[in-house]
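Student: Right, I'll just put the structure down here and ask away after.
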Amino acid sequence: MPAKKSPAKTARKSAAKAASKREVPTKFRVRIRMYRQGLGDCFLLTFPKKDRTPVHLMIDCGVVLGTKNPAAIMEKVAEDLRAETDGKIDVLVITHEHWDHLSGFTTGQAQGSFDKIDFGQLWLAWTEDPKDDLAQQLRKEREAKKKASAETKARLKKLKVSPKRIQRMEALLGFLGIAGDGDGGAPAGGTQAALDYLKGKIKKQQTFKPGSKPLAIPGVDGVRIYVLGPPEDKTKLHKTNPGKGQGYGLTGQDMSLADAYSAALGIEETPCSAARAQPFAPTFRRAASDCKATSERYLSSDESWRNIDGDWLAVGERLALQLDNDTNNTSLVLAFELVETGEVLLFVGDAQAGNWLSWDDYTWKVTDGQGVKQEVKAADLLARTIFYKVGHHGSHNATLREKGLERMTSPNLVAMMPVDEKVAHETKGWLHMPLPGLVDRLEEKCVAFARTDNDKIAGDPATGLGLFETPLFFEYYL
């Protein structure tokens, strides 16, 4: 006898069927299109002007390294974007420098199609501001980590360590467009090349800091945008994991994992950084006239028996993970407020714990839909959130509980999650993406919840929500 279908699964199938048959609205306040290219982000938001002509705002466009036939997939997405917008996108938002958010703009994927689209403005986080001292310091640290990670991977291969360990490192480095042995297709320059292409193509560029004056979309009335992140506090920027013992980031004068690797590999940027990488307290060290002498003694063939290269290189995966998490936490986080109703659409990129926790640091003074002056904080925006773009494909550290999802108390909450569980599990080995507990909670809280790898829309088909599914994208009309 065949097993009975659960009521929940039956309801979801009915919801998906009902959503597909609904009549697409001709009038709306905003339309959100989430493309289904795989494990990666690509969103198109469309707002009407007073005369109902559309204004288009696009957020990211990429797919994770290792995806099968990425060029064909991203070309299809880019061509749909061009057709839908008549070749004109008013604002392009790039949340952060990761391959699964930028790859579509590379020569190996859909750059040719994007050449035919006119972008009015490019919006970036303050971390891309060449005049910002902290931004340049963070970029320097990131480049050091990338260099150390690549060298570590090469040395691990020479030591013939477990292939799985190297594969895990490659999966993490793939977020920066650094191809592994079996990936291919990553152009020279990786994510930086994609970002350089956009900066060269789009003349009007802006970078934004959290807590700054709310933004306006050119030509659109009644919508203001709050910049929530990334934080300018380096401690919070490096805080990646929620809960006790969150993150292994760098604070104060502690030596970073990247600095230690750089020193040991001989690629340190500052004098005597090798001395800071010493594993023993000064009273237990042998005296050395300078750092160079210490390094030369360690590398001497006569002293090779003392080397522990195979041991310390074994934690290379941790360095790659730190590099990945730190970049995620530089995500530009935007909350779109529909002023008349106070409803909020939240797009968090891949922001992780420290980014989320920093939002409470800011207060905005604005005028509400009735003309009343008020102060707005992150908790207010989350309480009024009716749409949530689930962060980092539903990973364990990209949606906070108490200061995140549980603050989203609107009875009309809708969520969309760009994820491909099969690729995450089978290709990348990320067995907790998406996190089952998070998926369960989203299905409980949301009146509608869609994920790119699933045709089923969790929720009540009787709500009349404007959520539609096609093979290429999901759309939500509000």
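Student: Counting only residues that are crowded, with 17+ Cβ neighbours inside 10 Å and of a type in the set (Asp, Glu), which one in the range 416-462 is farthest from residue 38 (Cα to Cα)?
Tutor: 455
Student: Give the number of residues within the range 396-413 that are farther than 20 Å from residue 478 by Cβ, polar (S, T, N, Q) and open to solvent by 10 Å² or more (accessible area, probe 1.4 Å).
Tutor: Of the residues in that region, 1 qualify.
Student: Checking residue 380 against (1) open to solvent by 40 Å² or more (accessible area, probe 1.4 Å); (2) within 27 Å of residue 467 (Cβ to Cβ); (3) assigned to a loop (DSSP other than H, G, I, E, B), which single condition isn't satisfied?
Tutor: Of (1) open to solvent by 40 Å² or more (accessible area, probe 1.4 Å); (2) within 27 Å of residue 467 (Cβ to Cβ); (3) assigned to a loop (DSSP other than H, G, I, E, B), only one is false for residue 380: (3).
Student: Name the single residue, out of those in the range 399-425 being within 20 Å of residue 471 (Cβ to Cβ) and of a type in the set (Val, Ile, Thr), that is modelled with the highest pLDDT.
Tutor: The selected residue is 419.
Student: Something else about it: Tell me which residues, restricted to the range 205-229, are open to solvent by 60 Å² or more (accessible area, probe 1.4 Å) and either in a strand (DSSP E or B) or out of contact with any helix residue (DSSP H, G or I) (no Cβ under 9 Å at 6 or more places or on another chain) (or both).
Tutor: Correct list: 205, 206, 213, 216, 221.
Student: Looking at residue 15 and the list (1) in a helix (DSSP H, G or I); (2) at pLDDT below 95; (3) more than 20 Å from residue 477 (Cβ to Cβ), which single condition is not satisfied?
Tutor: Here residue 15 clears every test but (3).
Student: While we're looking at this one, here's another question. Looking only at the range 180-199, which residues are at pLDDT 50 or above, of a type in the set (Gly, Ala, Ser) and open to solvent by 60 Å² or more (accessible area, probe 1.4 Å)?
Tutor: 188
Student: On to the next question. Are any residues in the range 83-110 more than 11 Å from residue 194 (Cβ to Cβ) and surrounded by fewer than 18 Cβ atoms within 10 Å (Cβ to Cβ), and if so, which ones?
Tutor: Residues of the range 83-110 that are more than 11 Å from residue 194 (Cβ to Cβ), as a first pass: 83-93, 95-96, 100.
Residues satisfying the conditions are 83, 84, 86, 87, 88.
Student: Would you call residue 72 surrounded by 20 or more Cβ atoms within 10 Å (Cβ to Cβ), under 19 Å from residue 470 (Cα atoms) and over 18 Å from the mean Cα position of the chain (by Cα)?
Tutor: Working: surrounded by 20 or more Cβ atoms within 10 Å (Cβ to Cβ): no; under 19 Å from residue 470 (Cα atoms): yes; over 18 Å from the mean Cα position of the chain (by Cα): yes.
Criteria not met by residue 72.
Student: If you scan the range 28-55, which residues turn out to be open to solvent by 10 Å² or more (accessible area, probe 1.4 Å), in contact with a Phe, Trp or Tyr (Cβ under 9 Å, 6 or more places away or on another chain) and over 19 Å from residue 391 (Cβ atoms)?
Tutor: 28, 29, 31, 48, 54, listed by residue number.
Student: Still on this structure, I have one more. Can you tell me which residues in the range 53-95 are in a strand (DSSP E or B) and within 14 Å of residue 120 (Cβ to Cβ)? Spell out the reasoning first.
Tutor: So the first thing to find is which residues in the range 53-95 are in a strand (DSSP E or B), and the list is 54-61, 88-93.
Listed by number, the residues that qualify are 54, 55, 56, 57, 58, 88, 89, 90, 91, 92, 93.
Student: Among all residue pairs at least 6 apart or on different chains, which show Cβ distances below 7 Å where the first residue, located in the range 409-422, is within 17 Å of residue 441 (Cβ to Cβ) and the second is basic (Lys, Arg) and surrounded by fewer than 24 Cβ atoms within 10 Å (Cβ to Cβ)?
Tutor: 410/384; 413/445; 416/389
Student: To continue, here is another question. Can we say residue 374 is open to solvent by 50 Å² or more (accessible area, probe 1.4 Å), part of a strand (DSSP E or B) and not β-branched (Val, Ile, Thr)? Spell out the reasoning first.
Tutor: On the way: open to solvent by 50 Å² or more (accessible area, probe 1.4 Å): yes; part of a strand (DSSP E or B): yes; not β-branched (Val, Ile, Thr): yes.
Considered against the rule, which asks whether it is open to solvent by 50 Å² or more (accessible area, probe 1.4 Å), part of a strand (DSSP E or B) and not β-branched (Val, Ile, Thr), residue 374 comes out as yes.
Student: In this structure, is residue 366 over 15 Å from residue 229 (Cα atoms), open to solvent by less than 10 Å² (accessible area, probe 1.4 Å) and in contact (Cβ under 8 Å) with a residue 24 or more places away in the chain?
Tutor: Details: over 15 Å from residue 229 (Cα atoms): yes; open to solvent by less than 10 Å² (accessible area, probe 1.4 Å): no; in contact (Cβ under 8 Å) with a residue 24 or more places away in the chain: yes.
So residue 366 does not fit the description; no.
Student: I'd like the full set of residues that are in contact (Cβ under 8 Å) with a residue 12 or more places away in the chain and charged (D, E, K, R), limited to the range 84-106.
Tutor: Result: 84, 88, 90, 97, 100.
Student: Could you list all residues from the range 90-129 that are in contact with a Lys or Arg (Cβ under 9 Å, 6 or more places away or on another chain) and within 18 Å of residue 218 (Cβ to Cβ)? Explain how you work it out, then say what you get.
Tutor: The initial filter retains those residues of the range 90-129 that are in contact with a Lys or Arg (Cβ under 9 Å, 6 or more places away or on another chain), namely 97, 105, 110, 113-122, 124-129.
The answer is 117, 118, 119, 120, 121, 122, 124.
The values are calculated or read from the model by the stated rules, or taken from the named source; none is laboratory data. None of these values were measured; they are calculated from a predicted model. Neighbour counts run over all protein chains shown; Cβ positions are idealised from the backbone, glycine included. Side chains included, ligands, DNA and RNA excluded: accessible areas come from the protein's heavy atoms. Shrake-Rupley method; radii C 1.70, N 1.55, O 1.52, S 1.80 Å.
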